[in-house]
Amino acid sequence: MKRPIFLLVLLSSVLGIAGQSKPPDVVAGIPVNYDESKVGDYTLPDPLTLSNGGHVKDPKTWLAKRRPELVRLFEENQFGKMPPRPRDLAFELTDKGTPVFGGKAIRKLVTVYFTKDRQHKMDLAIYLPANVKRAPLLLNISFSAPNQIIDDPGLPIGEIWGRDSKKAKADKPSPFPKLNIMPFIDAGFGFAFVYYGDIEPDFKDGLKSGGIRSVYLKPGQTNVANDEWGAISAWAWGLSRAMDYFETGKQIDSRRVAIQGASRLGKTVLWAGAHDTRFAMVIASVSGESGAALSRRNYGETVAHMTDPTRYFYQFAPNYHSYSNRVNELPFDGHSLVALIAPRPLLLQTGSTDGWSDPKGEFLSAVAAEPVYKLFGKKGPGTTIWPAAKDESLLLNDLGYYMHDGPHGVLPDDWAKFLKYMQKFL
């Protein structure tokens, strides 16, 4: 069966570059380094040093002063400022609770309306264990519509974006594998899904295609301002709107909601968790450059690759592109984003052959963020030795790290690791 061209292109961008037998030496006309001896020297900003030069010595100072400083710096220089909860936010329950999977789970379907005219919305598919009155939950932001990845014939057929900048029915198989949620249900956890394209399109001209960012443009404005939100901030904003819904119900314990996403959606859940502390846990898969990996480490993808106008410029605040050739001047790095999740549990999941996303750079980021976790008495890596693939010794730390043996993406066995992590901390 032929796949839609857009999905094949997206699959190659999510799973491809690092999974190729020979990674490219040049991307967007910019050389790519995979040689540790050519990484170069760098000095990371101290996450515990205030903008005025003072030092953070206790949790109160971190929460009241340093944390807000870092959030503002990320807003202005990388992801862009996002608007608050919309005044006209509304929820419509289209499936109030249908028993599924042999009666072990209850399916709920919710449409979240962002605007009064109901032209901008996202759909949530929620599965809850039937024998739990108030369940903790994992919210997955996905590249596919829920009906494409959950083996539930009762799900309505969703819509996904095509390369023609139009939405079409998601009535064909996704290139991404289906997901078995029953281990989570059997363990007492709910599982919810949202298709990221419901919130904002994922292509260069998405701003003109009716995503949520277009709603907030001022009259006559055709592009976002230099410090305004890119697509990643829009997707993160949408996750917060899902949390707004979770807080209204009695069947979901909104104090125990974890979020998970991979690749650009790994960056998304990191930023969502950093910006919105209501999320109790973050599981960031292969978030790579401009996610958990260190930008100052010249290995694999760089800020210059990421923000090139031919690639993913639209995912970030325009200001971020100005740092493409001067990353050492950034007032933060990936470890700062990781630190913003503290003291909440954060699991960084990477892949051993994913040089493009720099799994070692993600580990070193966790090492550099550990002092913030220690400030709260929480456990980080506790070592500077990069663990081998499939080594679970750092998996169950508050600031956890796990690297599967394989390429960019989430492998079936990774979900078992996520469940183990959730069972310890949620």
Could you give me the residue pairs with C-beta distances under 7 Å whose first residue belongs to the range 273-293 and is touching a residue at least 24 places away in the same chain (Cβ under 8 Å), whose second residue is in a loop (DSSP other than H, G, I, E, B) and of a type in the set (Phe, Trp, Tyr) wherever it lies, and which are 6+ apart or on separate chains? 273/279
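Filter the range 189-211 for residues that are aromatic (Phe, Trp, Tyr) and more than 15 Å from the chain's Cα centre (by Cα); which is farthest from residue 255 (Cα to Cα)?
Once the filter is applied, the top-ranked residue is 203.
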Looking at (1) more than 29 Å from residue 24 (Cα to Cα); (2) charged (D, E, K, R); (3) free of Cβ contacts under 8 Å to residues at least 24 places away in the same chain, which is the only condition residue 392 fails? (3)
Residues (under 20 Å from residue 202 (Cβ atoms), in a loop (DSSP other than H, G, I, E, B), of a type outside the set (Asp, Glu) and touching a strand residue (DSSP E or B) at 6+ places or on another chain (Cβ under 9 Å)) located in the range 294-322: 311, 317
Extreme residue, farthest from residue 360 (Cα to Cα), among residues of the range 20-55 that are touching a residue at least 60 places away in the same chain (Cβ under 8 Å) and part of a helix (DSSP H, G or I): 38
Pairs needed: first member in the range 340-366, of a type in the set (Lys, Arg); second member anywhere, assigned to a helix (DSSP H, G or I); C-beta distance under 9 Å; at least 6 residues apart or different chains. 344/273; 344/425; 360/36
State whether one or more residues within the range 241-250 are closer than 19 Å to residue 79 by Cα and either at pLDDT 95 or above or hydrophobic (A, V, I, L, M, F, W, C) (or both). yes
Got at least one residue in the range 333-343 being over 27 Å from residue 77 (Cβ atoms), surrounded by fewer than 19 Cβ atoms within 10 Å (Cβ to Cβ), modelled with pLDDT of 95 or more and out of contact with any Gly (no Cβ under 7 Å at 6 or more places or on another chain)? no
Matching residues in the range 132-158 (touching a residue at least 24 places away in the same chain (Cβ under 8 Å) and surrounded by fewer than 19 Cβ atoms within 10 Å (Cβ to Cβ)) number 7
Residue set 361, 406, 377, 382; condition in a loop (DSSP other than H, G, I, E, B), within 20 Å of residue 300 (Cα to Cα) and at pLDDT 95 or above; output residue 406
Check whether at least one residue in the range 56-67 is hydroxyl-bearing (Ser, Thr, Tyr), surrounded by 12 or more Cβ atoms within 10 Å (Cβ to Cβ) and not in a loop (DSSP other than H, G, I, E, B), and report yes or no. yes
If we keep just the residues of the range 220-271 that are surrounded by fewer than 20 Cβ atoms within 10 Å (Cβ to Cβ), small (Gly, Ala, Ser) and in contact with an Asp or Glu (Cβ under 7 Å, 6 or more places away or on another chain), which is nearest to residue 348 (Cα to Cα)? 240
Against the conditions (1) under 12 Å from the mean Cα position of the chain (by Cα); (2) over 19 Å from residue 115 (Cα atoms); (3) touching a residue at least 60 places away in the same chain (Cβ under 8 Å), where does residue 186 fall short? Just the number, please. (1)
Given the conditions (1) within 15 Å of the chain's Cα centre (by Cα); (2) at negative phi; (3) assigned to a loop (DSSP other than H, G, I, E, B), and given that residue 338 satisfies all but one, which numbered condition is not satisfied? (3)
I want to confirm something. Restricting to the range 306-322 and keeping residues that are surrounded by fewer than 19 Cβ atoms within 10 Å (Cβ to Cβ), touching a Ser or Thr at 6+ places or on another chain (Cβ under 8 Å) and touching a residue at least 24 places away in the same chain (Cβ under 8 Å), which single residue is nearest to residue 281 (Cα to Cα)? 313
Looking only at the range 74-99, how many residues end up being assigned to a loop (DSSP other than H, G, I, E, B) and either acidic (Asp, Glu) or crowded, with 19+ Cβ neighbours inside 10 Å (or both)? 3
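Per-residue answers, yes or no, for (1) surrounded by 18 or more Cβ atoms within 10 Å (Cβ to Cβ); (2) aromatic (Phe, Trp, Tyr); (3) in a helix (DSSP H, G or I):
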residue	(1), (2), (3)
328	no, no, yes
347	yes, no, no
356	yes, yes, yes
365	yes, no, yes
372	yes, no, yes
386	no, yes, no
Any idea how many residues of the range 268-293 are of a type in the set (A, V, I, L, M, F, W, C), in a helix (DSSP H, G or I) and under 23 Å from residue 424 (Cβ atoms)? 4
Where residue 222 falls short, out of the listed (1) at pLDDT below 95; (2) in a helix (DSSP H, G or I): (2)
Flagged pairs (Cβ under 6 angstrom, 6 or more apart or on separate chains; first in the range 72-93, in contact (Cβ under 8 Å) with a residue 40 or more places away in the chain; second of a type in the set (Lys, Arg) and surrounded by fewer than 20 Cβ atoms within 10 Å (Cβ to Cβ)) are 75/81
With respect to the numbered conditions (1) part of a loop (DSSP other than H, G, I, E, B); (2) closer than 22 Å to residue 278 by Cβ; (3) free of Cβ contacts under 8 Å to residues at least 24 places away in the same chain, which one is the sole condition not fulfilled by residue 102? (2)
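The values are calculated or read from the model by the stated rules, or taken from the named source; none is laboratory data. No experiment lies behind these values; they were computed from the predicted model shown. Positions of Cβ are backbone-derived with ideal geometry, glycine not excepted, and every protein chain shown enters the neighbour counts.
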